[in-house]
1. Taking only pairs six or more apart or across chains, which ones have beta-carbon atoms under 9 Å, a first residue in the stretch 103-115 that is closer than 16 Å to Ala82 by Cα, and a second residue that is exposed (fewer than 11 other Cβ atoms within 10 Å of the Cβ)?
2. When the residues of the stretch 139-158 are filtered to those that are in contact with a Lys or Arg (Cβ under 8 Å, 6 or more places away or on another chain) and either touching a residue at least 24 places away in the same chain (Cβ under 8 Å) or of a type outside the set (A, V, I, L, M) (or both), which remaining residue is surrounded by the most Cβ atoms within 10 Å (Cβ to Cβ)?
3. Pairs, please: C-beta under 7 Å, at least 6 apart or cross-chain, first residue closer than 15 Å to Ser129 by Cβ and at pLDDT 85 or above and in the stretch 71-98, second of a type in the set (Val, Ile, Thr) and surrounded by fewer than 18 Cβ atoms within 10 Å (Cβ to Cβ)?
4. Restrict the check to the stretch 115-132 and report whether at least one residue is exposed (fewer than 11 other Cβ atoms within 10 Å of the Cβ) and not in a helix (DSSP H, G or I).
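The values are calculated or read from the model by the stated rules, or taken from the named source; none is laboratory data. What you see is a predicted model; the values in this text were computed from it and never measured. No Cβ is skipped: glycine too gets one built from the backbone with ideal geometry, and neighbour counts run over all protein chains shown.
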Amino acid sequence: MDKYSVDYEQLGVGVNPRKIYRLADVKSRIEKVAFDVVRFVDPEDIDGLWKIERRNDEEVIVSMYEDEGSIEITASTKSPWAAIPDKTKNYVSVYYKGEPIKKIAITSVGLKQSDANMLARTLPNSLTSNPALVRKMVNELGSTDKELLVKKYPELMK
(Lines give C-alpha, C1' and ligand atoms only; values in the text may rest on other atoms or scores of the structure.)
Protein backbone atom coordinates (compact mmCIF):
# COMPACT_ATOMS: atom_id res chain seq x y z
CA MET A 1 0.00 0.00 0.00
CA ASP A 2 1.39 3.34 -0.92
CA LYS A 3 1.98 5.94 1.79
CA TYR A 4 -0.64 8.33 0.43
CA SER A 5 -3.52 5.87 0.29
CA VAL A 6 -5.95 5.57 3.20
CA ASP A 7 -7.10 2.32 4.78
CA TYR A 8 -10.65 3.39 5.70
CA GLU A 9 -11.37 0.24 7.67
CA GLN A 10 -8.44 0.88 10.01
CA LEU A 11 -9.33 4.58 10.16
CA GLY A 12 -12.82 3.68 11.40
CA VAL A 13 -11.36 1.41 14.07
CA GLY A 14 -9.15 4.21 15.35
CA VAL A 15 -11.81 6.92 15.27
CA ASN A 16 -14.70 4.92 16.67
CA PRO A 17 -13.37 1.75 18.28
CA ARG A 18 -15.78 -1.05 19.02
CA LYS A 19 -15.89 -2.57 22.45
CA ILE A 20 -14.33 -6.03 22.79
CA TYR A 21 -14.38 -8.48 25.71
CA ARG A 22 -12.75 -11.89 26.02
CA LEU A 23 -15.55 -14.44 25.78
CA ALA A 24 -14.17 -16.41 28.74
CA ASP A 25 -14.43 -13.30 30.97
CA VAL A 26 -18.11 -12.60 30.26
CA LYS A 27 -19.53 -16.03 29.41
CA SER A 28 -21.73 -16.14 32.54
CA ARG A 29 -23.22 -12.70 31.76
CA ILE A 30 -24.40 -13.33 28.19
CA GLU A 31 -27.11 -15.27 26.41
CA LYS A 32 -27.08 -16.56 22.84
CA VAL A 33 -29.53 -14.83 20.49
CA ALA A 34 -28.46 -16.42 17.20
CA PHE A 35 -25.67 -18.62 15.86
CA ASP A 36 -22.82 -16.25 16.74
CA VAL A 37 -24.74 -13.30 18.21
CA VAL A 38 -25.10 -12.75 21.96
CA ARG A 39 -26.43 -10.10 24.34
CA PHE A 40 -25.74 -9.25 27.97
CA VAL A 41 -28.42 -10.39 30.43
CA ASP A 42 -27.62 -7.54 32.87
CA PRO A 43 -30.15 -4.76 32.22
CA GLU A 44 -27.70 -2.09 33.38
CA ASP A 45 -25.27 -3.26 30.77
CA ILE A 46 -25.29 -2.64 27.06
CA ASP A 47 -28.61 -3.48 25.40
CA GLY A 48 -26.97 -3.87 22.00
CA LEU A 49 -26.02 -7.10 20.31
CA TRP A 50 -22.52 -8.58 20.28
CA LYS A 51 -20.88 -10.95 17.80
CA ILE A 52 -18.55 -13.81 18.74
CA GLU A 53 -15.29 -13.66 16.77
CA ARG A 54 -11.92 -15.39 16.91
CA ARG A 55 -8.92 -13.07 17.32
CA ASN A 56 -5.37 -14.02 18.18
CA ASP A 57 -6.31 -17.66 18.91
CA GLU A 58 -9.04 -16.79 21.43
CA GLU A 59 -12.75 -16.08 21.22
CA VAL A 60 -13.94 -12.54 21.92
CA ILE A 61 -17.25 -10.74 21.69
CA VAL A 62 -17.33 -7.55 19.64
CA SER A 63 -20.07 -4.93 19.77
CA MET A 64 -22.31 -4.83 16.71
CA TYR A 65 -23.24 -1.19 17.34
CA GLU A 66 -21.36 2.04 17.07
CA ASP A 67 -20.23 3.56 20.35
CA GLU A 68 -22.08 6.85 20.70
CA GLY A 69 -19.37 8.29 22.89
CA SER A 70 -20.51 11.33 24.83
CA ILE A 71 -24.15 11.28 23.77
CA GLU A 72 -26.20 11.10 26.96
CA ILE A 73 -29.65 9.63 27.43
CA THR A 74 -32.00 12.25 28.81
CA ALA A 75 -34.07 11.54 31.89
CA SER A 76 -37.26 11.60 29.83
CA THR A 77 -36.16 8.62 27.73
CA LYS A 78 -34.48 6.61 30.48
CA SER A 79 -36.74 4.51 32.67
CA PRO A 80 -36.46 4.87 36.45
CA TRP A 81 -37.41 1.18 36.60
CA ALA A 82 -35.06 -1.79 36.37
CA ALA A 83 -35.67 -5.53 36.55
CA ILE A 84 -32.97 -8.13 37.12
CA PRO A 85 -33.43 -11.91 37.04
CA ASP A 86 -31.75 -13.95 39.76
CA LYS A 87 -29.17 -16.60 38.87
CA THR A 88 -31.73 -19.42 39.00
CA LYS A 89 -34.12 -17.46 36.74
CA ASN A 90 -36.97 -18.23 39.15
CA TYR A 91 -37.44 -14.59 40.18
CA VAL A 92 -37.07 -11.10 38.78
CA SER A 93 -36.25 -8.31 41.22
CA VAL A 94 -37.89 -4.96 40.41
CA TYR A 95 -36.17 -1.67 41.30
CA TYR A 96 -37.39 1.92 41.21
CA LYS A 97 -34.66 4.57 41.03
CA GLY A 98 -32.18 1.94 42.22
CA GLU A 99 -34.24 0.91 45.25
CA PRO A 100 -35.58 -2.66 45.48
CA ILE A 101 -39.37 -2.74 45.30
CA LYS A 102 -40.52 -6.31 44.76
CA LYS A 103 -39.36 -9.79 43.82
CA ILE A 104 -41.64 -11.40 41.23
CA ALA A 105 -41.79 -15.17 40.79
CA ILE A 106 -41.57 -16.03 37.09
CA THR A 107 -44.28 -18.67 37.42
CA SER A 108 -46.66 -16.17 39.08
CA VAL A 109 -46.92 -14.26 35.80
CA GLY A 110 -47.37 -17.42 33.74
CA LEU A 111 -43.86 -17.60 32.30
CA LYS A 112 -41.13 -20.26 32.22
CA GLN A 113 -37.62 -19.87 33.63
CA SER A 114 -36.32 -19.46 30.09
CA ASP A 115 -38.41 -16.25 29.80
CA ALA A 116 -36.81 -14.52 32.82
CA ASN A 117 -34.43 -12.41 30.73
CA MET A 118 -37.23 -11.37 28.37
CA LEU A 119 -39.36 -10.27 31.34
CA ALA A 120 -36.43 -8.33 32.81
CA ARG A 121 -35.93 -6.49 29.50
CA THR A 122 -39.60 -5.60 28.91
CA LEU A 123 -40.90 -4.92 32.42
CA PRO A 124 -39.19 -1.51 32.94
CA ASN A 125 -40.84 -0.07 29.80
CA SER A 126 -44.20 -1.55 30.81
CA LEU A 127 -43.97 0.03 34.26
CA THR A 128 -42.93 3.38 32.79
CA SER A 129 -45.86 3.50 30.38
CA ASN A 130 -48.57 1.86 32.52
CA PRO A 131 -49.39 3.63 35.84
CA ALA A 132 -52.16 1.09 36.56
CA LEU A 133 -49.58 -1.72 36.52
CA VAL A 134 -47.41 0.27 38.95
CA ARG A 135 -50.36 0.86 41.31
CA LYS A 136 -51.26 -2.85 41.19
CA MET A 137 -47.70 -3.85 42.05
CA VAL A 138 -47.46 -1.31 44.89
CA ASN A 139 -50.85 -2.41 46.28
CA GLU A 140 -49.58 -6.01 46.46
CA LEU A 141 -46.86 -4.98 48.95
CA GLY A 142 -47.32 -5.40 52.69
CA SER A 143 -48.87 -2.38 54.46
CA THR A 144 -45.61 -1.20 56.08
CA ASP A 145 -43.57 -1.57 52.87
CA LYS A 146 -46.29 0.15 50.85
CA GLU A 147 -46.52 3.05 53.31
CA LEU A 148 -42.76 3.64 53.31
CA LEU A 149 -42.53 3.39 49.52
CA VAL A 150 -45.44 5.76 48.85
CA LYS A 151 -44.07 8.23 51.41
CA LYS A 152 -40.72 8.27 49.62
CA TYR A 153 -42.12 8.10 46.05
CA PRO A 154 -45.69 9.50 46.04
CA GLU A 155 -45.66 9.58 42.22
CA LEU A 156 -46.08 5.80 42.21
CA MET A 157 -49.72 6.02 43.30
CA LYS A 158 -50.84 8.63 40.74
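1. Ile106/Lys112
2. Among those residues, the one meeting the criterion is Leu156.
3. Listed by first residue and then by second, the contacts come to Trp81/Thr128.
4. Our first condition is that a residue be exposed (fewer than 11 other Cβ atoms within 10 Å of the Cβ); within the stretch 115-132, this holds for 129, 132.
If we keep only those that are not in a helix (DSSP H, G or I) too, we end up with none.
So far as the stretch 115-132 goes, no, none of its residues is exposed (fewer than 11 other Cβ atoms within 10 Å of the Cβ) and not in a helix (DSSP H, G or I).
A quick yes/no check of all residues on (1) assigned to a strand (DSSP E or B); (2) of a type in the set (Ser, Thr, Tyr); (3) modelled with pLDDT of 60 or more:
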position	(1), (2), (3)
Ser5	no, yes, yes
Tyr21	yes, yes, yes
Phe35	no, no, yes
Val38	yes, no, yes
